[in-house]
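Enquirer: The following block contains the structure, expressed as structure tokens.
The values are calculated or read from the model by the stated rules, or taken from the named source; none is laboratory data. Bear in mind the structure is a predicted one, so any value in this text is a computation, not a measurement. For neighbour counting, all protein chains shown are included, and Cβ atoms are generated from backbone atoms with ideal geometry for every residue, glycine included.
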Amino acid sequence: MPKVRVPRKNVTPGEVVTVLSRRLGPGYQVESNGGHRVTVRRSALMYANVSITDQPGASVFGVHGGGLLFLRLVNTFGTARRVADALRRSPEFRSLLRLGARASCCVRVFSSRISSGSR
């Protein structure tokens, strides 16, 4: 099951529905199932389920194909992959926390170079 971690906390199912509807286009039907779940359908047999969990400083989307055994495998490599890519690439879920982590990494490297005397 692909997992997509985004640096934005407390993402709601409504936001996921809006983003996926816009990014995937009219060929997909996106709806919230209540709780922290979203279903994305291409047809009655081609669909993916998205679960939303919160972690410190981030939200994690678990994306997996739906259906019976064979169809679940097909949907995992088809519909679920497209959904995971759309979530991963959506600018709506990016935040300054991601830039802050990069900046602190650069500051640590820079300060360690200064303290060791290298330029």
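Enquirer: Exactly one condition in (1) surrounded by fewer than 19 Cβ atoms within 10 Å (Cβ to Cβ); (2) modelled with pLDDT under 95 is false for V6; which is it?
Expert: (1)
Enquirer: Can V38 be described as buried (at least 17 other Cβ atoms within 10 Å of the Cβ), touching a strand residue (DSSP E or B) at 6+ places or on another chain (Cβ under 8 Å) and hydrophobic (A, V, I, L, M, F, W, C)?
Expert: yes
Enquirer: Moving on. Restricting attention to the range 58-76, and to residues there that are within 16 Å of the chain's Cα centre (by Cα) and more than 23 Å from N10 (Cα to Cα), which single residue is modelled with the highest pLDDT?
Expert: Of everything passing the filter in the range 58-76, G65 is modelled with the highest pLDDT.
Enquirer: Another one. Any idea which residue in the range 77-119 is modelled with the highest pLDDT, counting only those that are hydroxyl-bearing (S, T, Y), out of contact with any helix residue (DSSP H, G or I) (no Cβ under 8 Å at 6 or more places or on another chain) and not in a helix (DSSP H, G or I)?
Expert: Step by step, filter the range 77-119, then rank; the result is S95.
Yes or no, residue by residue, for (1) closer than 23 Å to P91 by Cβ; (2) without any contact (Cβ under 8 Å) to a residue 12 or more places away in the chain; (3) of a type in the set (S, T, N, Q):
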position	(1), (2), (3)
V4	yes, no, no
K9	yes, no, no
V30	yes, no, no
R41	no, no, no
T53	yes, no, yes
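Enquirer: Among the residues of the range 41-56, how many are loosely packed, with under 15 Cβ neighbours inside 10 Å and assigned to a strand (DSSP E or B)?
Expert: Total satisfying the criteria: 3.
Enquirer: On to the next question. What single numbered condition from (1) in a helix (DSSP H, G or I); (2) crowded, with 16+ Cβ neighbours inside 10 Å; (3) of a type in the set (S, T, Y) fails to hold for S59?
Expert: All conditions pass for S59, except number (1).
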